[in-house]
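Below is one structure, written out as structure tokens, with a few remarks after it.
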Amino acid sequence: MSKKALPIVSAPTMVATLPVSGIKVKYRPFVIKEQKALLLAQESNDPDTVVQTIKSVLDTCSHGTLDFTSVPTADLAYFFIQLRIASVGPEVKFSIPCEKCGHDNPIAMSLEDVKIDASNVKRDVRITDTVGIKFRLPTVDDALEADTETESIKLLYNLIECIYDEDTVYKKEDYTEEEFVDWIESLNDQQAEKIKEFVDSVPELTHTLSFNCVECNHHQSRTLEGLHNFFRFGASA
């Protein structure tokens, strides 16, 4: 006599609207094996392992609908938080050392309070009166390339969509990477500072905590910023 198959446990389908791109993503909460994978990645302290695990879990839970080559890092971080809320709940508890006396302070916060401000993104930057650059927003893969000055130039190249002046649009596909990099490195400090307007406007997942130290009563604020700061909450209950 053959055994009956174990019963299928259905999972709810939810929808998240990504705040930067406006894309709507259908997803399900992560399951125990995916939660274990996130914990192992967290324990590895290896950025590549962390990123690949996050991508794998998000891909599975969104039924393969996310395009990681185009979804901005801020959207990916926001979606990760929404997935954590749906799977484990919004409340997280952790500790922060006092900046004055070093005492560990217990912190409780709701991930539902974490926001992204995408209202002031500046993707079109004029570096002179006649010359400008159009950028795309960085993805999670781009972020891994920004650890050194050389890689920062490479990242900047990757994020440029085109250069333009009053008469012509200079598309990347019409030039070599070396030609574009040489052009970037020929900019003076004032022109490079204009590019910083784009860099500073790139949206990130942020949340500021204010608290008084339980030991010395020193008032202080800390800002959590970026996917790496919120990943530690992903699999914890």
query: Assuming Leu227 fulfils every condition listed in (1) in contact (Cβ under 8 Å) with a residue 40 or more places away in the chain; (2) outside the structural domain of Glu34 (by TED's automatic domain parsing); (3) crowded, with 16+ Cβ neighbours inside 10 Å apart from one, which condition is it?
result: (2)
Looking only at region 59-74, and only at residues there that are part of a helix (DSSP H, G or I) and in contact with a strand residue (DSSP E or B) (Cβ under 8 Å, 6 or more places away or on another chain), the one that is surrounded by the fewest Cβ atoms within 10 Å (Cβ to Cβ): Cys61
message: Restricting to region 37-70, name every residue that is of a type in the set (Val, Ile, Thr) and free of Cβ contacts under 8 Å to residues at least 24 places away in the same chain.
response: Thr49, Thr53
Set Thr60, Thr65, Thr73, Thr49: member being polar (S, T, N, Q) and closer than 15 Å to Leu205 by Cβ: Thr73
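Yes/no matrix, rows are residues, columns are (1) part of a loop (DSSP other than H, G, I, E, B); (2) more than 30 Å from Asn229 (Cβ to Cβ); (3) in contact with a helix residue (DSSP H, G or I) (Cβ under 7 Å, 6 or more places away or on another chain):
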position	(1), (2), (3)
Gly102	yes, no, no
Val125	no, no, yes
Lys154	no, no, no
Phe180	no, yes, yes
Ile184	no, no, yes
Leu187	yes, yes, no
Ala192	no, no, no
- prompt: Which one is surrounded by the most Cβ atoms within 10 Å (Cβ to Cβ), of the residues in region 92-145 that are β-branched (Val, Ile, Thr) and either under 25 Å from Gln82 (Cβ atoms) or without any contact (Cβ under 8 Å) to a residue 24 or more places away in the chain (or both)?
  reply: Val140
task: Within region 69-81, identify whether any single residue is more than 24 Å from Leu159 (Cα to Cα) and in the same structural domain as His219 (by TED's automatic domain parsing), and answer yes or no.
output: yes
- prompt: Any residue in region 17-28 that is surrounded by 13 or more Cβ atoms within 10 Å (Cβ to Cβ), part of a helix (DSSP H, G or I) and not aromatic (Phe, Trp, Tyr)?
  reply: no
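Rundown of residues vs (1) closer than 30 Å to Thr69 by Cβ; (2) at pLDDT below 95, yes/no style:
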residue	(1), (2)
Lys93	no, yes
Gly102	no, no
Asp113	no, yes
Phe135	yes, no
Leu144	yes, yes
Thr168	yes, no
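The values are calculated or read from the model by the stated rules, or taken from the named source; none is laboratory data. All values derive from a computational prediction rather than experimental measurement. Ideal geometry is used to build each Cβ from the backbone, glycine not excepted, and the neighbour counts take in all protein chains shown.
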